[in-house]
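The values are calculated or read from the model by the stated rules, or taken from the named source; none is laboratory data. A quick note: this is a predicted structure, and the numbers were derived from the prediction, not measured. Every residue, glycine as well, gets a Cβ built from its backbone with ideal geometry; the counts of neighbours run over all protein chains shown.
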Amino acid sequence: MSQREQSTAAIRLDETSSRSDEISAPRISSKWSGWRVWLMPVAVLAAAFALQGLAARNPQLVERYYSRQVFPPIVHVLSLINGVAGFSIGELMIYVLAAALVGALIYQVRQIYLRRRRIAALLRTDLIALIWISGSAMLLFLLIWGLNYQREPLAGKLGFTGRNASDEQLKAISENIVNGVNSNYGASHPSDGVDGRPPGRDQIFELIESAYQHEPLLVDAGSGYGPPKPIYFSGLLSRLGLSGFYMPFTGEPNFNHAQPDFDLPYVIAHEKAHQRGFAREDEANFIAFLVCVNSTHPYVRYSGYLNALKVAGAFVGSDPAFYETLFERIGDGPRKDLRARAAFWARTEGPARAVANRVNNSYLKANRIGSGTRSYSEDIALIVGYYLMRTNNDHN
């Protein structure tokens, strides 16, 4: 073959190879150029918002079909999975996702630095991926737990709606709570030192679970839920101002083990309420109070009453003299615990807590809790309603 023929054959071979590459790897733009790339991710995100909006308009349907029928099997399956691990899978998931995010950011910065990707193209790809991830995560969140935010309010189901306390009734309730604090502290901290140690964590778990099973107001409390998990890096949780959190994607109630021990029963009961589908913070707080004060162990009851002292806070502005008198009635032991709690959270205060509070506030409002983080203190109305109901039942 002559040199000319060899050159011609090489050119033909190159053309054939080029056409083969075009056939085997067609350009995405031939089908998904322009707006079509955005269609599916935007549709998934829109579907998630539509589902949330539809649920908010139909709380009775959410309560009847989702919260009572669909959600319990989901959390029980998740409990079987996370119950095998002796650590918080949810905590590990957070660290893995954070590491993946940092790794992706480093990779993209390197791509830009080496001029392998244009910034505009990279931002476009990232935005599409962000919409995909946000829509998918929100939809999954709603289906496995988040729709519980839209269930029927607990106050209506328990018959608390419309119960308003007079000043005298509110004072009597506050005195009852202080009495509960003092008596249960004394019962769980005997002066002779006999059985003076608080129960261990495993016993607290069992006591709280037993209280859930025997509480008549929680007829659908159920059983078979996974155990609460201590957070390994609880110091970080303290910096964020968090005593615990529930991980919907793993069905795990997590708690900050660094906080004072006397708050652990209440915090664990709160997170276990979330695990049972009570998503709103005021309702989880009230259920934690209800479960703790009706426990068979005085240490658990003490934790519940101690966290209900906020009810008396209503008199700080309206009747400061009564508030001072009531506060003076609190025993030395509980006062010492209150000071220890205040000192603990004061040591961990900082800018991280302010950021975490804003994030939590936005999260709650995104789930249609209009009061945001203020909803944590709205359990006062539920506690008062509970005492009024008990008083009415006693009179009948």
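Structure above, values below:
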| quantity | calculated |
| --- | --- |
| Yes/no for Gln213 being among the polar types (S, T, N, Q) and within 16 Å of Ala288 (Cα to Cα) | yes |
| Arg201 vs. criteria basic (Lys, Arg) and under 28 Å from Gly331 (Cβ atoms) | yes |
| Only listed residue being surrounded by 21 or more Cβ atoms within 10 Å (Cβ to Cβ), in contact with a strand residue (DSSP E or B) (Cβ under 9 Å, 6 or more places away or on another chain) and not small (Gly, Ala, Ser), chosen from Ile287, Ile268 | Ile268 |
| Helices (runs of 4 or more DSSP H) lying entirely in the range 143-246 (those with 1 or more residues that are within 18 Å of Phe286 (Cβ to Cβ)) | 154-158, 167-188, 201-214 |
| Residue ID - surrounded by the fewest Cβ atoms within 10 Å (Cβ to Cβ), chosen from residues in the range 252-265 that are hydrophobic (A, V, I, L, M, F, W, C) and in a helix (DSSP H, G or I) | Phe262 |
| Positions within the range 58-94 being assigned to a helix (DSSP H, G or I), under 16 Å from Tyr246 (Cα atoms) and among the aromatic types (Phe, Trp, Tyr), in sequence order | Phe71 |
| Selection from the range 122-179 of residues that are buried (at least 16 other Cβ atoms within 10 Å of the Cβ) and of a type in the set (Lys, Arg) | Arg151, Arg163, Lys171 |
| Among the candidates Ala137, Ala121, residue that is outside the structural domain of Ser234 (by TED's automatic domain parsing), among the small types (Gly, Ala, Ser), out of contact with any Leu (no Cβ under 9 Å at 6 or more places or on another chain) and at pLDDT 95 or above | Ala137 |
| Subset tally (residues that are within 12 Å of Asp282 (Cα to Cα) and assigned to a loop (DSSP other than H, G, I, E, B)) for the range 346-384 | 2 |
| Residue check for Trp132: out of contact with any Phe, Trp or Tyr (no Cβ under 9 Å at 6 or more places or on another chain) and under 30 Å from Ala47 (Cα atoms) | yes |
| Members of the range 61-90 found to be surrounded by 15 or more Cβ atoms within 10 Å (Cβ to Cβ) and either in contact with a Leu (Cβ under 9 Å, 6 or more places away or on another chain) or without any contact (Cβ under 8 Å) to a residue 40 or more places away in the chain (or both), listed by number | Leu61, Val62, Tyr66, Ser67, Phe71, Ile74 |
| Check on Asn392, in contact with a helix residue (DSSP H, G or I) (Cβ under 9 Å, 6 or more places away or on another chain) and farther than 25 Å from Gly186 by Cα | no |
| Pair list, Cβ under 6 Å, 6 or more apart: the range 324-345 residue closer than 14 Å to Ser303 by Cα, other residue among the hydroxyl-bearing types (Ser, Thr, Tyr) | Gly333/Tyr185; Pro334/Tyr185 |
| Among (1) at pLDDT 95 or above; (2) surrounded by fewer than 18 Cβ atoms within 10 Å (Cβ to Cβ) - the single one Glu324 does not satisfy | (1) |
| Qualifying positions in the range 331-355 - of a type in the set (A, V, I, L, M), farther than 21 Å from Leu264 by Cα and in contact with a helix residue (DSSP H, G or I) (Cβ under 8 Å, 6 or more places away or on another chain) | Ala352 |
